[in-house]
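Student: Have a look at this one before I ask anything.
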Amino acid sequence: MQIVDDLIGVPFADGGRGPDAFDCWGLCREVYRRFGLELPDYEVCCYDAESFLRHFTDQRPLWRRHELPDVPVPAVVAIRFNAPNVNHVGVYIGAGRFLHTREKTGVVIELAASPAWKRRIEGFYTPKEVRSCP
């Protein structure tokens, strides 16, 4: 998907909002921006799983859940890493693939149905209301 090709390999940084580094939410915001949509910003440290979960849970009524294969592009992918609750996000980019960033890898594309991700993905979400970018 050419709209995100230049993001592959961009390094991770906590609080990163691009263009030189992204955290997981900063990457989601950037991909949505490229689709002409604006997501709100949440200033939550990526290492603070409790705050991340609280923000995700508090905001959940504002999001619509989708299931594969009927996930629109873009959609936020809610992920659990070695935790009972969501503590990471990525962006669904179509064809069963999603984009995310981590400290060791930077921005990468993964297959949502792969054994490594299938059990970690909590769901796919789009905002019920979204603003167009100015």
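Where a number appears in this text, it was derived from the coordinates with a stated rule and is not lab data. Keep in mind that what you see is a predicted model, and the values were worked out from it rather than measured.
Student: If I stretch the segment between residue 129 and residue 81 completely, what's the gain in nm (0.36 nm per residue apart, minus their alpha carbon distance), one decimal? Please report the intermediate quantities before stating the final value.
Tutor: Numbers: separation 48, 0.36 × 48 = 17.28 nm, distance 2.77 nm.
Working it through step by step, the gained length comes to 14.5 nm.
Student: Here is a follow-up. Please list the radius of gyration and Dmax for the chain, considering alpha-carbon atoms only, with Å as the unit.
Tutor: 13.5, 39
Student: For the chain, set up a Gaussian network in which alpha carbons nearer than 10 Å are linked by springs, and say which option among 66, 100, 88 fluctuates the most.
Tutor: In the Gaussian network model the winner is 66.
Student: Could you tell me the ratio Rg/Rh of segment 66-134? Both radii from Cα atoms, Rh via Kirkwood.
Tutor: My calculation of the ratio gives 0.97.
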